Structures are given as structure tokens and as C-alpha cells.
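Written out below as C-alpha cells is the structure these notes cover.
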Amino acid sequence: MTAGLFDLSGKVAIVTGGNGGIGLGMARGLAQAGAAIAVVGRNQTKSKDAVAELTESGARAVAIAADVTDKTAVDGMIARVLKELGRIDILINNAGINIRKPPHEIALDEWDSVIKTNLTSAFVCSQAAHPAMKVAGGGKIINIGSMLSIFGASFAPAYAASKGGIVQFTRSCAVAWAPHNIQCNAVLPGWIDTELTQNARREIDGLHDKVLARTPAGRWGASGDFAGIAVFLSSRASDFVTGTAIPVDGGFSVQG
Amino acid sequence: MHGGGGHLLTSNLFDLTGRVAIVTGGNTGIGLGMAHGLANAGAALVIADRNRDNAASAKAELETSGHPVLALTTDVADPNSIAQMVSATLNAFGRIDILVNNAGISISAPIEDMTLADWQKVIDVNMTAPFICAQAVYPTMKAAGRGKIINIASVLATLGAGGAANYASSKGGILQFTRALATAWAADNIQSNAILPGWIDTDLTKRAKDIRPELHDRILGRVPAQRWGRPDDLAGAAVFLASGASDFVNGAALTVDGGFSIQG
């Protein structure tokens with residue numbers, strides 16, 4: 001019975017930014033729970049590698065190149081998923097970027113680019129996936145927030161604004177689409193060892209040790225730490241869980 | 001990036017085979033719903049409850065999972081009873097991997113009329129008892145090198161309720177206690193998290209509905225999911241927070257309320 005609670009056999013999941021880091025960690029979890037995966041990303045080489053790995057592990061997976069900020073491209077991506085995998089049960093809005101500059105230096109086009117990639121993309125993808133989920137009688141949407149959904153950082157004004165926004169967008173969808181049996185939740189990763197944060201660690205002096213010192217778990221997170229939460233929020237184990245924002249941060253956000 | 005967890009089978013991520021869980025207030029309602037989830041994931045269960053009436057039927061129900069179940073008569077308002085609960089568990093199973101602090105009571109009254117005794121009783125059971133239970137299981141979890149503590153708060157941990165100041169205060173307190181535990185015992189590989197149930201159909205809320213007949217429809221009208229929760233809605237959250245699937249989740253407050261608390 002419990003195995004059934006977390007079982008995703010026959011389900012189809014879209015993971016944007018699914019070819020690396022947290023996205024791939026989630027895709028691996030979903031694949032191992034039985035879901036077919038559409039890996040959406042801009043970097044086609046990385047997407048092909050991710051699909052090869054997921055396929056080798058026994059899952060069905062396809063790579064789809066799409067700019068998630070472009071509505072036409074997203075509509076095309078959704079149509080391809082429906083054509084190739086037959087349905088859409090799970091959407092993980094994970095694609096994200098950061099431009100590290102303080103508020104007085106970040107340019108308007110840089111601001112727009114971060115907001116579009118991190119926040120507008122989730123709106124565009126969710127809207128595009130909604131009809132298929134509604135017709136199917138249910139669905140699961142997982143939006144990736146951040147510690148900067150709740151904290152400020154001097155070097156990430158647009159990133160923090162986008163991640164605060166995505167939590168409120170999550171709550172809006174949760175309330176709006178609950179009658180369609182679509183649960184929408186946000187995951188707030190702490191400091192995770194990925195390409196994105198490797199750049200940050202190179203550029204920000206002392207970041208690595210500062211994070212270590214403040215994280216009660218005493219380590220940086222790994223992409224594999226996201227498999228569990230992804231499966232929980234994608235499965236019927238979470239059918240009465242909607243509109244939440246769940247930190248996966250080794251306790252970083254509760255350290256006083 | 002290749003994270004360690006990615007190589008595990010997902011079925012193992014949520015597997016509790018060989019683990020021992022204590023659920024206080026585990027005979028009925030949310031406690032029993034979570035106990036079902038944990039037992040079906042493979043855990044041996046200790047249901048510790050003041051109320052003996054449902055002990056035999058709850059034990060029999062849980063035993064259909066095929067895993068051992070121990071039903072204890074425990075009054076979490078009494079520290080000696082908690083000590084007995086822990087020693088009985090260790091005698092029976094030799095270990096404690098999971099503690100679910102679920103036992104709770106509600107005594108409603110307007111703040112201006114609430115007696116100090118009724119305030120204190122609710123704080124003692126809902127907030128102080130989890131402190132005593134956590135302290136009591138800590139040595140065995142620390143020695144084992146891992147553990148999971150799940151505290152049952154409420155959506156009233158963050159929202160107000162005029163008639164339940166004692167209850168809301170105890171639940172806000174348990175949430176902050178969870179965060180303190182999370183930071184204190186992370187180094188011992190013990191993860192502590194809270195679950196915030198919304199309005200769930202249980203004996204506790206049935207009594208509330210008896211006192212306030214309009215409550216049923218008022219809640220229905222506000223829950224985006226358009227239904228009251230059921231005890232088994234908590235099973236998934238319990239298994240997630242009790243298993244290896246949540247090893248980097250610590251100090252979190254996981255709301256299970258069908259969207260009630262975020263409805264504007």
C-alpha cells in the first residue's frame with residue numbers, strides 16, 4: 001500500500017532545466033518511481049546525456065529543446081510531450097538563472113532576463129500544461145523556489161524577487177486549480193552543490209565555508225537530496241498538500 | 001552533477017523496514033492515519049495512547065501490515081509515563097528510529113474566560129510533552145547515529161483562533177521547538193520537522209463541530225480542495241519525513257491542509 005502511495009508508474013513528468021543539477025536529481029527520483037520523463041533544456045548535449053542516463057536506468061525519457069520563456073516554444077514542447085508520451089501528470093518548473101549584481105548595478109535587461117527565466121517561465125509552462133491536467137482529472141505542479149524566496153542577498157535582487165514571486169504564484173495556482181485536483185507546491189532548495197552555485201563559490205569570497213558554518217546538517221546539499229521531495233510532491237502521497245513551500249536545506253533557513 | 005541519493009532506488013528511499021516508530025496518540029485520528037502509513041512502509045509501531053478503548057482495534061488494524069505493533073497506555077502529561085513508554089519500546093524492539101509527537105488536546109474558551117488550568121493543560125500536553133518525549137528518545141537516536149522526529153503542529157501554528165488561544169499558542173510553540181531541535185541535533189543526524197494539519201475529520205474536530213454546527217460548511221467553503229481532510233491524508237507526509245527521502249529536510253513546517261492556509 002505504501003509502495004503504491006509513492007508509485008509513479010504510467011505517469012508522465014516534464015522537468016524544465018532537467019538536464020543538470022537539482023532538475024536532474026528530481027528527474028532521477030521520478031524515473032526510479034516509474035514515471036516517463038521529458039527533459040526540457042536549452043543545452044541539447046546535456047539533455048541528450050541526461051536522457052541517455054535515464055533511459056539506461058530503465059525509464060522512458062525524451063529530450064526537448066525549448067526556451068521556456070517563449071510561449072510558442074512552450075506550446076510546441078507541450079504538444080510534443082503529449083504526442084510522444086501521451087499525457088502530462090507532473091510539471092516541474094525548475095529552469096532558472098542568476099545574474100549576480102547588487103540592486104544599484106543590475107541593468108533593466110538583466111532584471112528582465114532573470115524574472116522571465118525564473119518566474120514568467122513557470123507561468124507560461126503551467127498555463128500550457130493546465131488543459132491536459134484538467135482533462136485528465138488531476139495533476140501535480142512543483143515550482144522551484146530558493147532560500148531567497150524568504151531571505152535577501154545583496155548580490156541577487158532579481159533572483160530573490162523572482163523566487164519570492166514564484167512562491168506566491170504557486171499559492172495562486174494551488175487555490176485556482178484545487179477544484180481540478182491539481183496540487184501545486186514549491187520546493188525551496190538551500191545551498192546545493194551544482195554548476196550554478198559552483199560559479200557563485202568562485203565569485204563570492206568565503207561563500208563555501210560560510211554556508212557550511214550556517215547549515216545545521218554540516219554539508220552542502222547534493223542533487224540527489226531532491227529525489228525524495230520530488231516523488232512525494234508528484235505522487236498521491238501528497239494529494240491533500242497544496243500551496244506549500246518546503247525548504248530542502250539541511251536546516252539552513254531555521255538556523256538562528 | 002551526480003548526487004549520492006540519485007543512485008538509490010526510490011522504493012528504498014521511502015522504505016522503513018527494520019525501523020521502529022513511536023506515535024503518541026496513535027490509537028485514533030491523525031495519529032492512526034500516520035501509523036498506518038509507517039507500518040505499511042515496513043516500520044514496527046508503538047502506539048502510545050491515554051485512551052485504552054481503541055487500543056485493541058487500532059493494534060489489530062495496524063498488524064494487517066505484517067509488522068509488529070505494541071499498544072501502550074501512555075499519558076504524555078505525565079513524565080513518568082513517557083519514561084515507561086520509552087523503556088517499554090526499547091525492551092520490545094531494542095531501538096527507536098522515529099518519534100511522532102502527535103498526542104494533543106483542545107479545550108476551547110474565549111481568552112477572557114479561559115481558566116489558567118485549561119491554558120496550562122493544553123500547553124502541557126501539546127508542547128511540553130513533545131519536549132519530554134524528544135529528550136527521552138535522544139540518547140538512543142544519538143547512539144544509533146540517526147533519527148527522525150515529527151511534531152504535529154496545526155495550521156493554528158501560524159493563524160489565530162479567538163476561541164483557542166491555548167491550542168494556537170501550544171502549536172506555535174511546537175513549531176519553534178521543532179526548529180530548535182533541528183538546529184541542535186542535526187550534528188547527530190537527527191532530522192526534526194513539523195506537520196501542520198488543516199481541518200481533518202477526526203474525533204477532535206467532530207467535538208468542535210458539535211459545539212459549532214456552522215463549522216463544517218465554513219471550512220468546506222474555504223478549503224480549495226473542497227473537502228475535509230482524512231486521517232490517511234497524513235500518511236504520505238509521515239512516511240516522507242520518517243524515511244531517507246527527507247535526509248536533507250530539517251526544521252521544515254509541512255502543511256497538509258488542502259490549501260486552507262493559503263486561501264486569500
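The values are calculated or read from the model by the stated rules, or taken from the named source; none is laboratory data. Keep in mind it's a predicted model, so treat the numbers as computed, not measured. Cβ: placed from backbone, ideal geometry, glycine included. Neighbour counts: every protein chain shown. Protein only, heavy atoms only, side chains kept; ligands, DNA and RNA dropped before computing areas. Shrake-Rupley method; radii C 1.70, N 1.55, O 1.52, S 1.80 Å.
Identify the residue in segment A:1-33 that is outside any strand (DSSP E or B) and of a type in the set (Val, Ile, Thr) and, among all such residues, is surrounded by the fewest Cβ atoms within 10 Å (Cβ to Cβ).
The residue in question is A:Thr2.
Among the candidates A:Lys134, A:Lys140, which residue alone is assigned to a strand (DSSP E or B), of a type outside the set (A, V, I, L, M) and more than 30 Å from A:His104 (Cα to Cα)?
Details: A:Lys134 fails: assigned to a strand (DSSP E or B).
After applying the criteria, what remains is A:Lys140.
With the requirement that a residue be among the polar types (S, T, N, Q), under 15 Å from B:Ser261 (Cα atoms) and surrounded by fewer than 18 Cβ atoms within 10 Å (Cβ to Cβ), what does segment B:149-199 give you?
If the condition is that a residue be among the polar types (S, T, N, Q), under 15 Å from B:Ser261 (Cα atoms) and surrounded by fewer than 18 Cβ atoms within 10 Å (Cβ to Cβ), then B:Thr158 is the only one that fits.
Taking the criterion of being within 26 Å of B:Gly37 (Cβ to Cβ), open to solvent by less than 20 Å² (accessible area, probe 1.4 Å) and at the interface with chain B (Cβ under 10 Å from one of its Cβ atoms), would at least one residue in segment A:190-198 satisfy it?
Scanning segment A:190-198, I find no residue that is within 26 Å of B:Gly37 (Cβ to Cβ), open to solvent by less than 20 Å² (accessible area, probe 1.4 Å) and at the interface with chain B (Cβ under 10 Å from one of its Cβ atoms), so the answer is no.
I need the helices (runs of 4 or more DSSP H) fully contained in segment B:38-135, keeping only those with at least 3 residues that are surrounded by fewer than 20 Cβ atoms within 10 Å (Cβ to Cβ) and touching a strand residue (DSSP E or B) at 6+ places or on another chain (Cβ under 9 Å).
Of the helices (runs of 4 or more DSSP H) lying wholly inside segment B:38-135, those with at least 3 residues that are surrounded by fewer than 20 Cβ atoms within 10 Å (Cβ to Cβ) and touching a strand residue (DSSP E or B) at 6+ places or on another chain (Cβ under 9 Å) span B:55-63, B:79-93.
Are any residues in segment A:169-200 part of a helix (DSSP H, G or I), over 19 Å from B:Phe248 (Cβ atoms) and over 15 Å from the mean Cα position of the chain (by Cα), and if so, which ones? Walk me through it before giving the result.
Within segment A:169-200, the subset part of a helix (DSSP H, G or I) is A:169-180, A:195-200.
Filter once more, so that each one left must be over 19 Å from B:Phe248 (Cβ atoms): A:169-180, A:199.
A:Arg171, A:Ser172, A:Cys173, A:Ala174, A:Val175, A:Ala176, A:Trp177, A:Ala178, A:Pro179, A:His180, A:Asn199, listed by residue number.
Step by step: first the residues of segment B:30-73, then only those that are in contact (Cβ under 8 Å) with a residue 60 or more places away in the chain and more than 14 Å from chain A (Cβ to nearest Cβ), then the one that is nearest to B:Pro130 (Cα to Cα). Which residue is that?
Checking each candidate, the answer is B:Gly31.
Which count do you get for residues in segment A:201-227 that are under 22 Å from A:Ala245 (Cβ atoms) and not in a loop (DSSP other than H, G, I, E, B)?
Number of matching residues: 8.
Looking at segment A:22-51, which of the residues that are out of contact with any Gly (no Cβ under 9 Å at 6 or more places or on another chain) and touching a residue at least 40 places away in the same chain (Cβ under 8 Å) is farthest from A:Ile78 (Cα to Cα)?
Out of the qualifying residues, it is A:Ala33.
I need a count of the residues in segment B:211-231 that are facing chain A (nearest Cβ under 9 Å) and within 19 Å of B:Gly29 (Cβ to Cβ).
The qualifying residues number 5.
Residues in segment A:237-251 that are surrounded by fewer than 24 Cβ atoms within 10 Å (Cβ to Cβ) and over 13 Å from A:Ser146 (Cα atoms): how many?
1
Answer with yes or no whether A:Gly86 is touching a strand residue (DSSP E or B) at 6+ places or on another chain (Cβ under 8 Å), within 14 Å of another protein chain (Cβ to nearest Cβ) and open to solvent by less than 60 Å² (accessible area, probe 1.4 Å). Step through it out loud before you land on a result.
Working: touching a strand residue (DSSP E or B) at 6+ places or on another chain (Cβ under 8 Å): yes; within 14 Å of another protein chain (Cβ to nearest Cβ): no; open to solvent by less than 60 Å² (accessible area, probe 1.4 Å): yes.
Against the criterion (touching a strand residue (DSSP E or B) at 6+ places or on another chain (Cβ under 8 Å), within 14 Å of another protein chain (Cβ to nearest Cβ) and open to solvent by less than 60 Å² (accessible area, probe 1.4 Å)), A:Gly86 does not qualify.
Looking at the structure I just gave you, is B:Asp201 more than 9 Å from chain A (Cβ to nearest Cβ), closer than 27 Å to B:Ala58 by Cα and either within 20 Å of the chain's Cα centre (by Cα) or not polar (S, T, N, Q) (or both)?
The answer is yes for B:Asp201.
So A:Arg219 ticks every box in (1) more than 27 Å from A:Ser126 (Cα to Cα); (2) of a type outside the set (Phe, Trp, Tyr); (3) open to solvent by 50 Å² or more (accessible area, probe 1.4 Å); (4) more than 9 Å from chain B (Cβ to nearest Cβ) but one. Which box is left unticked?
(4)
Considering A:Ala61, A:Ala79, A:Ala52, A:Ala38, which residue is at negative phi, within 18 Å of the chain's Cα centre (by Cα), away from chain B (no Cβ under 13 Å) and open to solvent by 10 Å² or more (accessible area, probe 1.4 Å)?
Working: A:Ala79 fails: within 18 Å of the chain's Cα centre (by Cα); A:Ala52 fails: within 18 Å of the chain's Cα centre (by Cα); A:Ala38 fails: open to solvent by 10 Å² or more (accessible area, probe 1.4 Å).
Exactly one residue qualifies, and that residue is A:Ala61.
When the residues of segment B:238-258 are filtered to those that are aliphatic (A, V, I, L, M) and facing chain A (nearest Cβ under 7 Å), which remaining residue is nearest to B:Thr17 (Cα to Cα)?
Filtering first and then ranking leaves B:Val239.
Can A:Leu207 be described as farther than 22 Å from B:Ser246 by Cα, touching a residue at least 24 places away in the same chain (Cβ under 8 Å), hydrophobic (A, V, I, L, M, F, W, C) and more than 9 Å from chain B (Cβ to nearest Cβ)? Spell out the reasoning first.
Values: farther than 22 Å from B:Ser246 by Cα: yes; touching a residue at least 24 places away in the same chain (Cβ under 8 Å): no; hydrophobic (A, V, I, L, M, F, W, C): yes; more than 9 Å from chain B (Cβ to nearest Cβ): yes.
Spelling it out, it is not the case that A:Leu207 is farther than 22 Å from B:Ser246 by Cα, touching a residue at least 24 places away in the same chain (Cβ under 8 Å), hydrophobic (A, V, I, L, M, F, W, C) and more than 9 Å from chain B (Cβ to nearest Cβ).
Among the residues that make up segment B:83-103, is at least one of them within 13 Å of chain A (Cβ to nearest Cβ) and of a type in the set (Phe, Trp, Tyr)?
No, because not a single residue in segment B:83-103 is within 13 Å of chain A (Cβ to nearest Cβ) and of a type in the set (Phe, Trp, Tyr).
Could you check A:Val62 against (1) part of a helix (DSSP H, G or I); (2) in contact with a helix residue (DSSP H, G or I) (Cβ under 6 Å, 6 or more places away or on another chain) and say which number it fails?
The one condition A:Val62 does not meet is (1).
Within segment A:1-29, which residues are over 26 Å from B:Ser65 (Cα atoms), within 8 Å of chain B (Cβ to nearest Cβ) and not basic (Lys, Arg)?
At the first step, the residues of segment A:1-29 found to be over 26 Å from B:Ser65 (Cα atoms) are A:11-28.
From what's left, within 8 Å of chain B (Cβ to nearest Cβ): A:20-21, A:24-25, A:28.
Matches in segment A:1-29: A:Gly20, A:Gly21, A:Leu24, A:Gly25.
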